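Trainee: Quick one: structure below, then a few questions.
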Amino acid sequence: MKSFELRYGDTKLYFGLNVVEKMRNNLNGVEVVTVATGKNSARLSGALKDVEKILKDLDIEYKIFDKIKANPTVEIADELAEFIWKNGSDCIIAIGGGSVIDTAKVSSCIALSGGSARDYLKGKRAKRFLQLFAVNLTHGTGSEIDRFAVLTDDKEKIGISIRYPNLSFDDPKYTLTLPNEQSIYTTVDAFFHAYEAVTAKTTNPFVETLSFECARIIGENLPKEQKLEEKYKLLYASMIAGIVLDMSPAHVVHAIEHALSGINPKLAHGCGLALIGGRAIYWIHKHCENSEKILKSLTGKDLKSADEAEKAFRDFLKSVGFEERLSDYLGRDDFRDIEGIVFGPLKYLLNRVKFEFTREMLYDILEKSL
């Protein structure tokens, strides 16, 4: 398992075992660090211990903010920004998955450019932002290599283009402690980053190359026992999916899922994508030829019809142990609220595909996913 580094956007990313040690050479002049995490994963994975050792060895003062949860809110981003400011931090180290890294991106802007998280969701641009290092703990987010952040404001889950991390670290050993269901959820997220990127108006040959490779790696490795080699490959697939998402952003499936987990914050993002993914693929497959190509990369099958495509994806989910249904989280009473969000504040996402996505299609996806 080779280690390597790459530059994309404004991020320098280190990939491989023990790459967090590269952080030592990038903390010159840093005096106070805020370490942003959730309650458990940073500790269980061993990543927090490794980062603390580096900071202690370099005699750098640090404070830990560990209040970030899945589907983070504007309020928690504001609280983190205030924590950063009060402690006089000159660097943030975010240790976690997408929720932690996304929150840290927004808070790093608030800390130096002012305003609130809600202001940035409404279009405020940061003139300055604090140095941000991301230690990624999942093979799904892509947030360690892209410029996006997603926060929830009341029931609205909103994604924005805000900033890239300065440095990111992808070490597969930190993903070994992911619970099995989280491994599935996060990998499904990575797949849909690639699937939506390659079926969007903005796809291009480079996006296609990386997206098809991402799907192939997932198809070959997610069904296997999750040892370090499989984690390495899934983490790589997630990282390249983050690049294609940055170049050709998500559309229909993410729009619907953002509405679902905005209404029910207990619904994990990747789980929501899996719940609706099969039927969403049915409609996208009818209009986008790249759907057939990427699903062949995932499943190894030629899937000409939309029915075949939907069934193949559902069968793939069953093969890895995913059998949840939308009715486990939401019901028909929520459909009207979902419609209002998808065709309201998230309608711009629907414009990223070459066909008209209708309300009838939305209701069909929701009904067939119950």
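Trainee: For the range 358-370, which residues satisfy the criterion of being closer than 13 Å to residue 275 by Cα and either in a loop (DSSP other than H, G, I, E, B) or of a type in the set (Gly, Ala, Ser) (or both)?
Mentor: Listed by number, the residues that qualify are 369, 370.
Trainee: Oh, and also: Considering 184, 162, which residue is surrounded by fewer than 24 Cβ atoms within 10 Å (Cβ to Cβ), touching a strand residue (DSSP E or B) at 6+ places or on another chain (Cβ under 6 Å) and either among the polar types (S, T, N, Q) or closer than 26 Å to residue 68 by Cα (or both)? Steps first, please.
Mentor: On the way: 184 fails: touching a strand residue (DSSP E or B) at 6+ places or on another chain (Cβ under 6 Å).
Testing whether each residue is surrounded by fewer than 24 Cβ atoms within 10 Å (Cβ to Cβ), touching a strand residue (DSSP E or B) at 6+ places or on another chain (Cβ under 6 Å) and either among the polar types (S, T, N, Q) or closer than 26 Å to residue 68 by Cα (or both) leaves just 162.
Trainee: Next question, about the same structure. Taking the range 170-185 as the region of interest, how many residues are among the β-branched types (Val, Ile, Thr) and in a helix (DSSP H, G or I)? So that I can check it myself, show each step before the final result.
Mentor: We begin by selecting, within the range 170-185, every residue among the β-branched types (Val, Ile, Thr); these are 175, 177, 184.
Next cut, in a helix (DSSP H, G or I) only: 175, 184.
The qualifying residues number 2.
Trainee: Which is among the acidic types (Asp, Glu), open to solvent by 10 Å² or more (accessible area, probe 1.4 Å) and more than 24 Å from the chain's Cα centre (by Cα), of 61, 79, 75?
Mentor: Working: 79 fails: more than 24 Å from the chain's Cα centre (by Cα); 75 fails: more than 24 Å from the chain's Cα centre (by Cα).
Testing whether each residue is among the acidic types (Asp, Glu), open to solvent by 10 Å² or more (accessible area, probe 1.4 Å) and more than 24 Å from the chain's Cα centre (by Cα) leaves just 61.
Trainee: So, in the range 117-148, of the ones that are more than 21 Å from residue 35 (Cα to Cα) and in a helix (DSSP H, G or I), which residue ends up nearest to the chain's Cα centre (by Cα)?
Mentor: Among them, the one singled out is 121.
Trainee: Here is a further query. Collect the residues in the range 325-340 that are outside any helix (DSSP H, G or I) and either without any contact (Cβ under 8 Å) to a residue 24 or more places away in the chain or open to solvent by 50 Å² or more (accessible area, probe 1.4 Å) (or both), keeping them in residue-number order. Reasoning before the result, please.
Mentor: Filtering the range 325-340 for residues outside any helix (DSSP H, G or I) gives 325, 329-331.
Of everything in the range 325-340, those that are outside any helix (DSSP H, G or I) and either without any contact (Cβ under 8 Å) to a residue 24 or more places away in the chain or open to solvent by 50 Å² or more (accessible area, probe 1.4 Å) (or both) turn out to be 325, 329.
Trainee: Among all residue pairs at least 6 apart or on different chains, which show Cβ distances below 6 Å where the first residue, located in the range 39-50, is closer than 13 Å to residue 97 by Cβ and of a type outside the set (S, T, N, Q) and the second is in a helix (DSSP H, G or I) and open to solvent by less than 20 Å² (accessible area, probe 1.4 Å)?
Mentor: 42/48; 47/174
Condition check ((1) more than 25 Å from residue 184 (Cβ to Cβ); (2) modelled with pLDDT under 95; (3) not basic (Lys, Arg)) across all residues:
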site: 17; (1), (2), (3): no, no, yes
site: 21; (1), (2), (3): yes, no, yes
site: 28; (1), (2), (3): yes, yes, yes
site: 83; (1), (2), (3): yes, no, yes
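Trainee: Could you list, in sequence order, all residues of the range 284-310 that are more than 25 Å from the chain's Cα centre (by Cα) and crowded, with 20+ Cβ neighbours inside 10 Å?
Mentor: Answer for the range 284-310, where residues must be more than 25 Å from the chain's Cα centre (by Cα) and crowded, with 20+ Cβ neighbours inside 10 Å: just 303.
Trainee: Of all residues being surrounded by 22 or more Cβ atoms within 10 Å (Cβ to Cβ) and over 19 Å from residue 108 (Cβ atoms) in the range 27-46, which is nearest to the chain's Cα centre (by Cα)? Just the residue, please.
Mentor: If we take residues in the range 27-46 being surrounded by 22 or more Cβ atoms within 10 Å (Cβ to Cβ) and over 19 Å from residue 108 (Cβ atoms), then 41 is nearest to the chain's Cα centre (by Cα).
Trainee: If residue 276 satisfies all but one of (1) touching a strand residue (DSSP E or B) at 6+ places or on another chain (Cβ under 6 Å); (2) modelled with pLDDT of 95 or more, what's the number of the condition it fails?
Mentor: (1)
Trainee: Here is a follow-up. Scan the strands (runs of 3 or more DSSP E) fully inside the range 1-116 and keep the ones with 2 or more residues being among the β-branched types (Val, Ile, Thr). Reasoning before the result, please.
Mentor: Details: elements: 4-8, 11-15, 32-37, 61-65, 91-96.
Answer list for the range 1-116: 32-37, 91-96.
Trainee: What is the residue count in the range 311-348 for residues that are more than 23 Å from the chain's Cα centre (by Cα), charged (D, E, K, R) and within 25 Å of residue 222 (Cα to Cα)?
Mentor: Looking only at that region, the number is 2.
Trainee: For the range 192-208, check the following and say yes or no: at least one residue is among the aromatic types (Phe, Trp, Tyr), closer than 23 Å to residue 302 by Cβ, within 16 Å of the chain's Cα centre (by Cα) and not in a loop (DSSP other than H, G, I, E, B). Working first, answer last.
Mentor: Initial filter on the range 192-208 (among the aromatic types (Phe, Trp, Tyr)): 192, 195, 206.
Narrowing the set further to residues that are closer than 23 Å to residue 302 by Cβ leaves 192, 195.
Subset that is within 16 Å of the chain's Cα centre (by Cα): 192, 195.
Next, from what is left, pick out any that are not in a loop (DSSP other than H, G, I, E, B): 192, 195.
Yes, some residue in the range 192-208 is among the aromatic types (Phe, Trp, Tyr), closer than 23 Å to residue 302 by Cβ, within 16 Å of the chain's Cα centre (by Cα) and not in a loop (DSSP other than H, G, I, E, B).
Trainee: Which one of 156, 196, 144 is open to solvent by 30 Å² or more (accessible area, probe 1.4 Å) and not aromatic (Phe, Trp, Tyr)?
Mentor: Details: 196 fails: open to solvent by 30 Å² or more (accessible area, probe 1.4 Å); 144 fails: open to solvent by 30 Å² or more (accessible area, probe 1.4 Å).
Just a single option satisfies the conditions, and that option is 156.
Trainee: Just wondering, is there one or more residues in the range 349-357 that are part of a helix (DSSP H, G or I), surrounded by fewer than 20 Cβ atoms within 10 Å (Cβ to Cβ) and either over 21 Å from the mean Cα position of the chain (by Cα) or among the basic types (Lys, Arg) (or both)?
Mentor: So the first thing to find is which residues in the range 349-357 are part of a helix (DSSP H, G or I), and the list is 349-350.
Subsequent filtering for residues that are surrounded by fewer than 20 Cβ atoms within 10 Å (Cβ to Cβ) retains 350.
With the extra rule that they be either over 21 Å from the mean Cα position of the chain (by Cα) or among the basic types (Lys, Arg) (or both), the set shrinks to none.
No, that holds for no residue.
Trainee: Taking the stated definitions as given, is residue 357 of a type in the set (A, V, I, L, M, F, W, C), over 25 Å from residue 266 (Cα atoms) and touching a residue at least 12 places away in the same chain (Cβ under 8 Å)? So that I can check it myself, show each step before the final result.
Mentor: Numbers: of a type in the set (A, V, I, L, M, F, W, C): yes; over 25 Å from residue 266 (Cα atoms): yes; touching a residue at least 12 places away in the same chain (Cβ under 8 Å): yes.
Here the answer is yes, as residue 357 does meet what is asked.
Trainee: Looking at the range 12-26 only, could you name the residues that are buried (at least 19 other Cβ atoms within 10 Å of the Cβ) and within 15 Å of residue 91 (Cβ to Cβ)?
Mentor: Across the range 12-26, the qualifying residues are 20, 23.
The values are calculated or read from the model by the stated rules, or taken from the named source; none is laboratory data. The shown structure was predicted, so the numbers you read here are calculated from the model rather than taken from an experiment. Counting neighbours? That spans all protein chains shown, and the Cβs are built from the backbone with ideal geometry, glycine included. Just so you know, the surface numbers come from the protein's heavy atoms only, side chains and all, with ligands and any DNA or RNA stripped out. Shrake-Rupley method; radii C 1.70, N 1.55, O 1.52, S 1.80 Å.
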